[in-house]
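The values are calculated or read from the model by the stated rules, or taken from the named source; none is laboratory data. Keep in mind it's a predicted model, so treat the numbers as computed, not measured. Methodologically, a virtual Cβ is constructed for each residue, glycine included, from the backbone with ideal geometry; neighbour enumeration extends over all protein chains shown. Note: accessible area is taken over every heavy atom of the protein model, side chains too, but ligands, DNA and RNA are not part of it. Shrake-Rupley method; radii C 1.70, N 1.55, O 1.52, S 1.80 Å.
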Amino acid sequence: MSNKWVYLFHEGDRSMRDLLGGKGAGLAEMSNAGLPVPPGFTCTTEACLAFFSAGRQFPEGMWEQVVEAMHATERETGKVFGDAKNPLLVSVRSGARVSMPGMMETVLNIGLNSETLKGLAELSGNERFAYDSYRRLISMFGRTVKDIKGELFEAVLDRFKAQTKGGRDTDLTVDMLKEVVAAYKELYRNQLGEEFPEDVWEQLRQAITAVFDSWFGPNAATYRRFHGISDDWGTAVNICTMVFGNMGDDSGTGVAFTRNPNTGEPELYGEYLTNAQGEDVVAGIRTPFPIAELERINPEIYAEFLRLGKMLEGHYRDMQDLELTVERGKLWMLQTRSGKRTARAAVKIAVDQVSEGLITKEEAVMRVTPDQVDALVHPVFDEKAKKAAQGRGDLLTHGLNASPGAATGVAIFDSARAEAAAGMGQDVILVRPETSPDDVGGMLSSKGVLTQHGGATSHAAVVARANNLPCVVGCEAINVDVERRQFTIGKRTIREGDTVSIDGFTGEVFAGTITTVEPDLSREHDLATLLSWADEVRTLGIYTNADHPREAKVARSFGAEGIGLCRTEHMFFEETRRPTVVSMIMARTDEARAKFLARLLPYQREDFEGIFEAMDGLPTIVRLIDPPMHEFLPSRESLIEEVTRLRCTDENPKLLAEKEEMLALVNSLHEINPMMGLRGCRVGLTMGGVTEMQVQAIFEAACRQAKKGVDVHVEVMIPLVTHVNELKAEVTKLRQVAEEVMEREGVRVDHKFGTMIETPRGAVTADELAEYAEFFSFGTNDLTQMSFGFSRDDAEGKFLKTYVDRGILPKNPFQSLDQTGVGKLMAMAVKAGKQTRPDIELGICGEHGGDADSIDFCHRVGLKYVSCSPYRVPVARLAAAQAALRNR
Ligand code: PEP
Ligand code: MG
């Protein structure tokens, strides 16, 4: 016996979505629930796949099953397919597992030919309607099944419409429609060299074939690639008895959502057209009116539709997207599916449905995506304005979406000028080849940041995320010329002062202004409610990466439960401290250095006091100095330039001597590969006094705040450890400093010493490290860099994008944790760490701590917390809750 390829609607149900497609499963479910669904049947997605594997042939037995199902449909409707007196007409429509709007094909009115046409006219008593249906069939069949250009049919129709007074298709007379039909048939013949098929079974066979074929049509294939839908799913084909919305003024067609998909308001939302078929609404040929108008036109039908909509929403426990047709005063339901919605609507609907008792809090938490939460806490571009810009040719390029949010402003190519322009009230987009700590001031006064180079963990990306600045990096297609204050892309040049817009969600860069929609968190009550439910189920703690009390406060207001990474070097970069930092580095002996460290101490202490105060009651993980020393010094290139100039001009011998000394120092610290050079714990181990000063400042601040009543929990984190002896030496030395301070201050504070796991060797020797570390924090930025051997500064701009585009890597591993490789190292380290120290505290502070998929992994591997930038905290709360529910 051959397979079952065909299911009558009432033979299926919603659990059969993979086999019947979304639409087929919906029709089946509605039929069984007793809703008015026109009889019909579905050819399965398996039939589609079998069709392709057999070289575009219907699989054995399928056509016989289609014929059988048509007969069953005839019995149900009392009509006969191809019968001249009482013809059955059907629609043939695609329907994949997930909705792919407008991407695949539909043919309506199959079953009309010159014979059945007469029957339809007589039966309906409406000749106009019959011819209108016939011309629709010929054009739709011609376009969809035979690939004739739609414009050709439209041109014919337009020619006739132009002869009417109103100029609309409803103004065409019967005689005109007859002429349209004749003209369409001629067009069909001329294009194909064959007649439009009179045999209704042939129409059906070809239409089903065309719908199967549309699965590999270019539109569908592109849509699938964009949405990550597998080619292997196939599409089902739904054959459904035609009901007619174009039978006169007591007929019509519409689409409606059971709730407003833009705002989430519990109101029917959609459009309706009297005397029309569905395609008229979709194609925008006529302007429909709001569905609420139906209440005025036909209150009974409206009430019935409202009732059915409610019932379906209750049945599916989600907002539904419905298609309806009214044929001579009778309501028919043609589709139901979960409706697409905006981020705001998603949150409101989920929260409302919990209070209505329709879904549980946990379901509500699963209904909203992390991206939707992200969209609510950042400004976004108005979609229409963005499309318009694209239409104008103003989409310049696509970079890496480093920090979410949308921003418009004038392009400024230098941080000092950016600050000045912002000071004068201008909205600025800072454009740089890449950013460095010197740019922080300029960045913070800008609305957004755009860089030519750099990746997801680059300076620009990290600082932008921490400060909620929209940021696009790694835009290698543009050429930034700082000297000339411009960037070029192809033939286009954007000069300083020109307006640009960047979309940090997508990485798009536009010329000109795009209207943005600002978030207002204080008004996001539904989001607050949803996140409070997320907090009830998640087991991961949500910490934040914050270097300033200001960031710590923001993160706390978003629900952060600790600081997972306070990067202390940012404190060294502040302008007032830089000269002291430089002198400290230049000092040739530990004694000479001690003098400058003593000057830095009060600054650091003050910073920590602010942070501990902001984090009262919550843990703060402070990382000791990490970057290569040369980052604190002037750039080597500019020094060489200046020294050369001073030597040539001889204008200022004193300055020349100073600059030469500086250059010598910079040269002595110069490294070919600074990322693998003198940084991390190597600084503390080789430059006496630096980390001692930091720990002294941390503990003095902690003790002083504790004496004021602040509840301090401090954890000192040692970076870039690769060998246990590094950790042993640093921890032993620094514990002593901490003890001395607490002794002197006469108070003890809760504290821990621990390490980052950010080198592969560190990860595989975690059992040894745990002897000295009370906690591990995974620094997955460096761990990714060193596991892959991909430079975090260069790889994303140079080749990673190509890797991802070509599918060599599934995702950018600096954005989404490489679970199979880097993740395996983490899992090893977790296990080994716990073996040595069962109560070891485990967390992550790399940028992955804010990525939903990576958070899911962190949950599974058993971390205590994830730490992310302040504005990512709401997203992480939701993602952590979803991870807990998903992995229950
Ligand atoms: C890391 O490497 O993951 C990390 C958090 O440290 P940084 O990004 O400062 O190197
Ligand atoms: Mg690191």
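Some notes on this structure:
- About the Cα centre, charge dipole magnitude for region 34-127 (Lys/Arg +1, Asp/Glu -1 at Cβ), debye: 220
- Share of alpha-carbon pairs per 5 Å distance bin for region 436-548, given as whole %: 2, 9, 16, 19, 17, 13, 10, 6, 4, 3, 1
- Degrees between helix 299-316 axis and first principal axis of the chain (Cα, 0 to 90, nearest 10): 50
- Our coupling estimate for region 831-836, obtained by passing each phi through the Karplus curve with A = 6.51, B = -1.76, C = 1.60 and θ = phi - 60°, is 5, 5, x, 5, 4, 6 Hz, Gly and Pro reported as x.
- Total charge dipole magnitude, the chain, about the Cα centre, Cβ charges on Lys, Arg, Asp, Glu only, Debye to nearest 20: 200
- The Cβ shell under 15 Å around K386 holds other residues with a net charge of -2, Lys and Arg each +1, Asp and Glu each -1.
- Nearest-ten-degree value, helix 200-214 long axis tilted from longest Cα axis of the chain: 10
- Kirkwood Rh (inverse of mean 1/r, distinct Cα pairs), region 182-223, angstrom: 12.0
- Packing-based ranking of 779-789, 458-468, 514-524 yields 458-468, 779-789, 514-524, ordered from highest to lowest mean Cβ neighbour count within 10 Å.
- Filtered trypsin sites (Lys or Arg not before Pro), region 615-716: DSSP coil and at most 15 other beta carbons within 10 Å: K708
- Mean ellipticity per residue at 222 nm, deg cm²/dmol - from DSSP H runs of n ≥ 4 across the chain, formula -39500 (n - 2.57): -14500 deg cm²/dmol
- With 23 Å as the limit on Cα-Cα distance, the pairs of K340/K386; K149/K185; K340/K384; K149/K386 that go past it are K149/K386.
- Per residue, the solvent-accessible area of region 199-273 (1.4 Å probe, heavy atoms of protein chains only, all protein chains present) comes to 38 Å².
- Accessible surface area normalised per residue over region 786-888 is 41 Å², counting heavy atoms of protein chains with a 1.4 Å rolling probe.
- Over the chain, relative contact order from alpha-carbon pairs under 8 Å, at least 6 apart, %: 9
- Ranking P549, M30, I585 by Cα position along the charge dipole of the chain, where only Lys, Arg, Asp and Glu carry charges on their C-beta atoms, puts I585 farthest toward the positive end.
- Residue-count net charge about R328 - beta-carbon cut-off 12 Å; Lys, Arg +1, Asp, Glu -1: -2
- GluC sites (Glu not before Pro) lying in DSSP loop within region 1-103, provided at most 12 other Cβ fall within 10 Å: E60
- Modelled FRET efficiency - R0 30 Å, S791 with A598, Cβ distances, 0.05 increments: 0.25
- Dipole-positive endmost among H723, P290, A416 within the chain (Cβ charges, Cα centre): H723
- Solvent-accessible area, 1.4 Å probe, carbon plus sulfur percent, for region 437-558: 47
- Check: region 783-848 dipole with +1 on Lys, Arg Cβ and -1 on Asp, Glu Cβ, in debye: 240
- Label zone at N86 (point 7 Å along Cα-to-Cβ), backbone N below 16 Å, region 117-145: 119-125
- Per-residue extension of 0.36 nm, minus the Cα-Cα distance of E76 and R860, leaves a gain of 276.9 nm for this segment.
- Relative contact order for region 232-322: 26 percent, from Cα pairs under 8 Å spaced at least 6 residues apart, divided by residue count.
- Using C-alpha pairs under 8 Å with a sequence gap of at least 6, the mean separation divided by the residue count of region 656-786 gives a relative contact order of 24 percent.
- Within region 105-138, backbone nitrogen closer than 18 Å to the virtual label 7 Å beyond the Cα of A221 toward Cβ: 105
- Computed over the chain, Kirkwood Rh from alpha-carbon pairs, angstrom: 31.4
- For region 184-217, applying the loop criterion from DSSP together with a ceiling of 15 other beta carbons within 10 Å to the chymotrypsin sites (Phe, Trp or Tyr not before Pro) yields F216.
- Nearest-0.05 FRET efficiency for S355 and R307, computed from C-beta distance (R0 30 Å): 0.90
- Taking the longest Cα principal axis of the chain as reference, the axis of helix 653-669 is set at about 70 degrees.
- Per residue solvent-accessible surface (Å²) - region 488-587, probe of 1.4 Å: 40
- For region 772-802 and region 1-72, distance of Cα centres in Å: 50
- Between region 642-660 and region 82-154, the C-alpha centres lie 85 angstrom from each other.
- Share, in percent, of DSSP beta bridges within the chain that are antiparallel, nearest 5: 60
- Under Karplus coefficients 6.51, -1.76 and 1.60, residue-wise ³J(HN,Hα) of region 515-528 in Hz, glycine/proline x: 4, 10, 10, 7, x, 9, 5, 5, 9, 8, 5, 5, 5, 4
- Between K146 and D520, the modelled labels are 5.7 nm apart [label points 7 Å from Cα along Cα→Cβ].
- Counted charge near E726, where neighbours are those whose Cβ lies closer than 12 Å (Asp, Glu -1; Lys, Arg +1): +2
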